[in-house]
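Participant: Let me give you the structure first, and then I'll get to my questions.
The values are calculated or read from the model by the stated rules, or taken from the named source; none is laboratory data. Bear in mind that the values here come from a model prediction, so they are computed numbers and not experimental data. Cβ atoms come from the backbone with ideal geometry, glycine included; neighbour counts cover every protein chain shown. Remember, those area values only see protein heavy atoms, side chains included, never the ligands or the DNA or RNA. Shrake-Rupley method; radii C 1.70, N 1.55, O 1.52, S 1.80 Å.
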Amino acid sequence: MTIDLKGRIALVTGASRGIGYFTAVELAKAGAHVIACARTVGGLEDLDDAIKAVGGTATLVPFDLGDMKAIDALGASIHERWGKLDILVANAGMLGVISPVGHIEAKVFEKVMNINVTATWRLIRSVEPLLLKSDAGRALILSSGAAHSCRPFWGVYSTSKAAVEALARTWAAETEQTHLRINSINPGATRTAMRAQAMPGEDPDTLPHPSEVAKAIVPLASPELTETGKIYVVRDQKFVSYRAPE
């Protein structure tokens, strides 16, 4: 499916590697100017080279999502330069530890919630006015099947992703009467550094490459998209609706 994103501005967090990196490349390939955010300067520079290689353009913004004032300033900077934002891909996140709930250190739990949840909320707050200035604002919030499976020992990560989905659903309901469309994405098991950390005995070659996931994500940024408040399951290539517990 060919998506035309020429003239559109896209912000991608966690863009220096994995799903974020390849999503940024695919967005640029479709014509969007990519604002790429990550902690790793070297990774962002590699991304910039990859984007230039496909004929795209990018603005690199190295910062840590734990820096809440930097997130606040990001929205102001985007407004000053472009006056709007068309696409948000909130991809950055961390695993924390695979551990029994009662054994998780307080500082680890707090850090995961800070990066995965609080920073996502702060990002939403920072860029929502810019997305509403777009004629077809699109927000894609990376989640995980862990938000629903709640497997043993995945407590802190599952909790954080469930909270992120609740944020996205609430935000979608609040903006349903606008041009803004907001959806969560479940990428499924993917060949990333986070997956290797969580499942060190797994053969990575049995998993989809993040570039494959990125190609599934980018069409969700299309101005023609109508769905909002749902979750897109990459493995099944479809949106699914939330429902009350049974």
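Participant: Would you calculate a helix-derived [θ] at 222 nm for the chain, using -39,500 (n - 2.57) for each DSSP H run of n ≥ 4 and dividing by the full residue count, to the nearest 500?
Facilitator: That comes out to -12500 deg cm²/dmol.
Participant: Quick one: of the DSSP bridges fully inside region 138-244, what percent are antiparallel, nearest 5?
Facilitator: Approximately 25 percent, going by the DSSP bridge assignments.
Participant: Where the centre of each part is set by its Cα atoms, how far does region 1-72 sit from region 81-118, in angstrom?
Facilitator: 19 Å
Participant: Given H placed 1.01 Å from N in the peptide plane, which residues other than close sequence neighbours of L88 have an amide H under 5 Å from its amide H?
Facilitator: It is L11, R138, A139, L140, by chain and number.
Participant: Output the peptides 60-66, 200-206, 160-166 sorted from most to least packed, where packing is the average of other Cβ atoms within 10 Å over each peptide's residues.
Facilitator: 160-166, 60-66, 200-206
Participant: Using a Förster distance of 35 Å, how high is the FRET efficiency between Q177 and S99, based on the Cβ-Cβ distance and rounded to 0.05?
Facilitator: According to the calculation, E is roughly 0.25.
Participant: Which percent of the accessible area of the chain is formed by carbon and sulfur heavy atoms (probe 1.4 angstrom)? Walk me through the numbers on the way to the answer.
Facilitator: On the way: 6040 of 11760 Å².
The computed percentage sits at 51.
Participant: Relative contact order for region 115-214: what is it in percent, counting Cα pairs under 8 Å that are at least 6 residues apart?
Facilitator: 28 percent
Participant: At a threshold of 8 angstrom on Cα-Cα distance, excluding pairs fewer than six apart, so keeping six or more, what relative contact order does region 1-81 reach in percent?
Facilitator: Relative contact order, region 1-81: 27 percent.
Participant: Also, I was wondering about something else. Roughly how large, in nm² to one decimal, is the mean projection of the convex hull of the alpha-carbon atoms in region 120-246?
Facilitator: 8.8 nm²
Participant: Next question. For the residue pair K6 and T57, what label-to-label distance in nm results when each label sits 7 Å from Cα along the Cα-to-beta-carbon direction?
Facilitator: The modelled label-to-label distance comes out at 1.4 nm.
Participant: Ok, one more. Packing-wise, with mean Cβ within 10 Å as the measure, how do 98-104, 115-121, 22-28 rank, highest first?
Facilitator: So the peptides 98-104, 115-121, 22-28, ranked by packing, come out 22-28, 115-121, 98-104.
Participant: Testing the spin-label approximation: label points 7 Å from Cα along Cα→Cβ at D205 and T40. State their distance in nm.
Facilitator: 2.3 nm
Participant: Of the residues T13, T190, T170, which exhibits the maximal mean-square fluctuation in a Gaussian network model of the chain defined by a 10 Å Cα contact cut-off?
Facilitator: Greatest mean-square fluctuation among the candidates belongs to T170.
Participant: Same structure, new question: Is there a pair in K84/K111; K111/K238; K84/K107; K69/K133; K6/K69; K6/K111 whose C-alpha atoms are over 26 Å apart, and which pairs would that be?
Facilitator: Result: K84/K111; K111/K238; K84/K107; K6/K69; K6/K111 exceed 26 Å.
Participant: I've got another one for you. How large is log10 I(q)/I(0) at q = 0.09, 0.13 Å⁻¹ when the Debye formula is applied to the Cα atoms of the chain, each weighted equally and without solvent?
Facilitator: Results for the chain at q = 0.09, 0.13 Å⁻¹ read -0.35, -0.76.
Participant: All other residues with a Cβ under 10 Å from the Cβ of L207 taken together, and with Lys, Arg as +1 and Asp, Glu as -1, what is their net charge?
Facilitator: Spelling it out: positives minus negatives among the neighbours equals -2.
Participant: Given the options R169, R151, R39, which has the most mean-square fluctuation in a GNM of the chain, springs set between C-alpha atoms less than 10 angstrom apart?
Facilitator: Checking each option, the largest mean-square fluctuation is seen for R151.
Participant: While we're here: Keeping every protein chain present and rolling a 1.4 Å probe, give me the accessible area per residue for region 143-195 in Å².
Facilitator: Working: 2270 Å² over 53 residues.
Solvent-accessible surface per residue comes out at 43 Å².
Participant: With the convex hull built on the Cα atoms of region 47-182, state its orientation-averaged projected area in nm².
Facilitator: 9.5 nm²
Participant: Continuing with the same structure: Relative contact order (percent) for the chain, with alpha-carbon contacts under 8 angstrom and 6 or more residues of separation? Can you show the working numbers first?
Facilitator: Numbers: 494 pairs, mean separation 46.6, N = 246.
Relative contact order comes out at 19 percent.
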